Amino acid sequence: MTTSIDTAPGGARTARTGTARRVFSLICALALLVLAVLASVMFGSKPTPFGDVWDVLRGDADTYVTTVVESRYPRTALGVLAGVTLAVAGTLMQGMTRNPLADPGLLGINAGASAGVVTATAYLGVSGQAATVWWALPGALLAGLVLHAVGSAGGGGSVVRLVLAGAVVSAVLAAYIQAVTLSKPRVFDSYRYWVVGALGGRDWDVLWSVLPFAAVGFVLALLLAPALNALALGDESASSLGANPALVRTAGLVSATLLCAAATAAVGPIAFVGLAVPHVARTLAGVDFRAQVVFSAVLGPSLLLLADVVGRVLLRPQELMVGVVTAFVGAPALLYAVRRMRGAA
Amino acid sequence: MTPLERTAASGPRGVVTLGSRVALPVHGRQLLVGAVVVLLTAVASVATLSLGELGIALADLPSAVTGGADGADAFVVERLRGPRLVVALGTGAALGLSGALFQSVTRNPLGSPDVIGLASGAGAGAAVVALMMPGEVPVSLGALVGAVAAMVLVYVSTGSGFRNPGRLVVAGIGVAAMATAFTQYVVYAVERDKATALTAYVNGSLAARSWDDAATIGVVLLVVVPLALLLGRRVEIGEMGDELAGVLGAEPQRTRVSAVVLSIVLSAGAVAVAGPIAFISLTAPQIARRLTRGTGAHLALATLTGALLLVLADLVAQQSPIDDGLPVGIYTMAIGGVYLGWLLTREWRRGSL
């Protein structure tokens, strides 16, 4: 095989044991997700034992406990949504660019989306969380296009080139975002945590406003998965297999933009979920992108929710933004990927 | 001194000799560029002291600087802008020299302390010491420990040391992300919701610097700059490649280690007083190199250019019409980021990176 994607360990197994292994892995991943959701509902500034949560779910807990537990529902739901979108966007981008280091946060797409939101809030008087996703979209798209322009200057993008271009885009946008938020502190009072990436302090409206965008992006990613399999063999082989690389990349850009804009509008720019999760998904699911997308969609929210729980427990009664936790636990995934990079790259 | 005449009389072209022991190579263009950079720095410094509401009138400036001021002017010179200006000069110089050393060792413009996570690591170390154990340990020591830890982490995770530029840069981005997250954690844990405190620790700021800070960076420069200048010749020879450098007696391995150590100390000192200000150590050596149109590390010129860049950036930060409270690190990140993008696109078009 001449794919640039890591094959699953012990690739020479029969299809049947491979499938069995994958199903087993998927069941384990789903169990992890259930645990992560439970942990997200149980932990906080006031930890709630599992028994109390169970009572709330059955509807016979006292009002106080019910309020505490139910206040954690929206953030848990947002964590699931953001985890799915970021991880799937990462898988998609890694497949499209054939670059194992592609990540919506690292490449500056999330920074573009948040720059769009910040601009609209500061200068266009857009208020209300529901409208912001419309501004995140052009921001993410623009960042993606700039990234493409810088990263492909002089033809042929290498693995490192794209990451560097992303670092440049992120740095400039981060400076812009900080300048705007710092010079208009009143406007951004409620955005303080969002700027770093946080699940807390948002309500169901946010979820409903971004859900359609996330859903369309996710379906598009699923539809693109077979074409990504062809693309992994190289552009020429993909063409001869009937996939149109340019079309796949354009559709992929649209899908990634939708996913990243939805995630960023909902919870802020969060990096490294889209980098780390696809690597784990690839190890478990093998080279098939259809399976990778499914695994990413299950593992992404688990990672994000567990990171959020850590952030809630670490500084109790204060909270540490989930974006800080994911950067700290996700960056080692980048270091690990660097060690595995072959050649000069 | 009339170096040119003496050169013509007593030695080969382009060399100034002092007695029979010392011979310093001098290039006309480098001297000229150096003089222009110093002049521009002086102009920017004067502007820093005299512009704006609290500025000192140009006519009063000479006496104010020499200690003859009273009232408001004295306050501005001795407390507000004087120390800030001196810290900007010193920090900029340290960052410029640090970048020149590291870029020369890695033979790569991107192998610069602010790109490969050194500055962020130092920033995290400084934040831990300054916020969690204030007064117990000097901040500069924390910055040094953080910088060394970041470099060890980068060195180990590339799997090939500092040799492979691609891996170096990506590992640096990862380590920088971790260090920044750690800094955020420390600031949130101690300072809670103070957005200005956070941005100063993450981006670097020159607001409210004292003479103590100026003394810190001054001591660092006093110790490191002579050593760096002694090493300069070897560093430049090292750029010819290890084999040739070895034949010429430049001991490439030892030179590299010394240069990295000096660079780390300089960056840590700069970060200890001003925070991880982005992209000065990346851009100063590059600008110096382009101004002289030469090859080589241009350590002295990179040092001067670094000082000029940071004083200019801080002048913009202080007099900005948008918001005069923004930390200087935000300006350097925006401008330096655009410059880096331009640099990368150009080098990639040429296929030289």
The one condition residue A:218 fails out of (1) touching a residue at least 24 places away in the same chain (Cβ under 8 Å); (2) within 14 Å of chain B (Cβ to nearest Cβ) is (2)
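Scan the range A:177-200 for residues that are under 24 Å from the mean Cα position of the chain (by Cα) and either touching a residue at least 60 places away in the same chain (Cβ under 8 Å) or closer than 15 Å to residue A:132 by Cα (or both) and report the count. Full working, then the answer.
From the range A:177-200, those under 24 Å from the mean Cα position of the chain (by Cα) are A:177-178, A:181, A:188, A:190-200; that's our starting set.
Those still in the list that are either touching a residue at least 60 places away in the same chain (Cβ under 8 Å) or closer than 15 Å to residue A:132 by Cα (or both) too: A:177, A:181, A:188, A:190-191, A:193-200.
Residues meeting the conditions: 13.
Is it fair to say residue A:312 is within 14 Å of chain B (Cβ to nearest Cβ), within 25 Å of residue A:200 (Cα to Cα), in a helix (DSSP H, G or I) and modelled with pLDDT under 90? Walk me through how you get there before you give the answer.
On the way: within 14 Å of chain B (Cβ to nearest Cβ): yes; within 25 Å of residue A:200 (Cα to Cα): yes; in a helix (DSSP H, G or I): yes; modelled with pLDDT under 90: yes.
The answer is yes for residue A:312.
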Any pair with Cβ under 6 angstrom, 6 or more apart, that starts in the range A:46-58 at a residue that is under 16 Å from residue A:316 (Cβ atoms) and ends at one that is surrounded by fewer than 17 Cβ atoms within 10 Å (Cβ to Cβ) | A:48/A:42
Would you say residue B:101 is aliphatic (A, V, I, L, M), under 30 Å from residue B:150 (Cβ atoms) and not in a helix (DSSP H, G or I)?
-> no
When you look at residue B:234, is it in contact with a helix residue (DSSP H, G or I) (Cβ under 6 Å, 6 or more places away or on another chain), within 14 Å of another protein chain (Cβ to nearest Cβ), over 30 Å from residue A:189 (Cα atoms) and assigned to a helix (DSSP H, G or I), yes or no?
-> no
For the range A:118-128, indicate whether the set of residues that are within 23 Å of residue B:181 (Cβ to Cβ) and buried (at least 23 other Cβ atoms within 10 Å of the Cβ) is non-empty.
-> yes
Among the residues of the range A:282-311, the number that are in contact with a Gly (Cβ under 6 Å, 6 or more places away or on another chain) and closer than 15 Å to residue A:32 by Cβ is 5
Pairs only if they're at least six apart or on different chains, beta carbon under 9 angstrom, first in the range B:99-124 and within 14 Å of chain A (Cβ to nearest Cβ) and touching a residue at least 40 places away in the same chain (Cβ under 8 Å), second part of a loop (DSSP other than H, G, I, E, B) and among the charged types (D, E, K, R); list them, first residue then second.
-> B:106/B:163; B:107/B:239; B:120/B:114
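Taking residue B:256, is it touching a Phe, Trp or Tyr at 6+ places or on another chain (Cβ under 9 Å) and more than 14 Å from chain A (Cβ to nearest Cβ)?
Values: touching a Phe, Trp or Tyr at 6+ places or on another chain (Cβ under 9 Å): yes; more than 14 Å from chain A (Cβ to nearest Cβ): yes.
Yes: the conditions hold for residue B:256.
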When residues of the range B:56-95 are limited to those that are buried (at least 18 other Cβ atoms within 10 Å of the Cβ) and assigned to a loop (DSSP other than H, G, I, E, B), the one nearest to the chain's Cα centre (by Cα) | B:56
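Here is a yes/no grid of residues against (1) surrounded by fewer than 24 Cβ atoms within 10 Å (Cβ to Cβ); (2) more than 8 Å from every other protein chain (Cβ to nearest Cβ); (3) of a type in the set (S, T, N, Q); (4) not in a helix (DSSP H, G or I):
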site	(1), (2), (3), (4)
A:282	no, yes, no, no
A:292	no, yes, yes, no
A:297	yes, yes, no, no
A:302	no, yes, yes, no
A:316	yes, yes, no, yes
A:328	yes, no, no, no
A:334	no, no, no, no
Out of B:329, B:269, B:325, sole residue that is within 14 Å of another protein chain (Cβ to nearest Cβ) and within 17 Å of the chain's Cα centre (by Cα) = B:329
Could you figure out which of (1) within 14 Å of the chain's Cα centre (by Cα); (2) hydrophobic (A, V, I, L, M, F, W, C); (3) under 20 Å from residue B:341 (Cα atoms) isn't true of residue A:88?
-> (3)
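Determine which member of the set A:55, A:103 is of a type in the set (Asp, Glu) and assigned to a loop (DSSP other than H, G, I, E, B).
Criteria check complete, one pass: A:103.
Limited to the range B:310-353, what total is found for residues that are in a loop (DSSP other than H, G, I, E, B) and polar (S, T, N, Q)?
Let us first name the residues in the range B:310-353 that are in a loop (DSSP other than H, G, I, E, B), namely B:320-327, B:351-353.
Still in the running and polar (S, T, N, Q): B:320, B:352.
So the count comes out to 2.
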Expected single match for over 27 Å from residue A:112 (Cβ atoms) and either surrounded by fewer than 21 Cβ atoms within 10 Å (Cβ to Cβ) or within 14 Å of chain B (Cβ to nearest Cβ) (or both) among A:287, A:322, A:273 is A:287
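Can you tell me which of A:314, A:320, A:275, A:284 is over 11 Å from the mean Cα position of the chain (by Cα) and touching a residue at least 24 places away in the same chain (Cβ under 8 Å)? Working first, answer last.
Details: A:314 fails: touching a residue at least 24 places away in the same chain (Cβ under 8 Å); A:320 fails: touching a residue at least 24 places away in the same chain (Cβ under 8 Å); A:275 fails: over 11 Å from the mean Cα position of the chain (by Cα).
Criteria check complete, one pass: A:284.
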Selection within the range A:245-270 - farther than 13 Å from residue A:197 by Cα and either β-branched (Val, Ile, Thr) or within 14 Å of another protein chain (Cβ to nearest Cβ) (or both) = A:248, A:250, A:254, A:257
Based on what the data block shows, is residue A:98 away from chain B (no Cβ under 14 Å) and over 26 Å from residue A:288 (Cα atoms)?
-> no
Tell me, yes or no, whether the range B:296-309 has at least one residue that is of a type outside the set (Asp, Glu), at the interface with chain A (Cβ under 9 Å from one of its Cβ atoms) and outside any helix (DSSP H, G or I).
-> no
Confirm whether residue B:249 is surrounded by fewer than 21 Cβ atoms within 10 Å (Cβ to Cβ) and farther than 14 Å from residue B:34 by Cα.
-> yes
In the range B:96-109, anything surrounded by fewer than 24 Cβ atoms within 10 Å (Cβ to Cβ) and either in contact with a His (Cβ under 7 Å, 6 or more places away or on another chain) or within 13 Å of residue B:279 (Cα to Cα) (or both) is listed as B:109
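Any residue at all in the range B:216-233 that is of a type outside the set (Val, Ile, Thr), in contact with a Lys or Arg (Cβ under 9 Å, 6 or more places away or on another chain) and modelled with pLDDT of 80 or more?
We begin by selecting, within the range B:216-233, every residue of a type outside the set (Val, Ile, Thr); these are B:218, B:221-222, B:226-233.
After this cut, where a residue has to be in contact with a Lys or Arg (Cβ under 9 Å, 6 or more places away or on another chain) as well, the list is none.
So far as the range B:216-233 goes, no, none of its residues is of a type outside the set (Val, Ile, Thr), in contact with a Lys or Arg (Cβ under 9 Å, 6 or more places away or on another chain) and modelled with pLDDT of 80 or more.
The values are calculated or read from the model by the stated rules, or taken from the named source; none is laboratory data. The structure presented is a predicted model; accordingly, all values stated were derived computationally and were not measured. In this analysis, Cβ positions are derived from the backbone assuming ideal geometry, glycine residues included, and neighbour counts consider all displayed protein chains.
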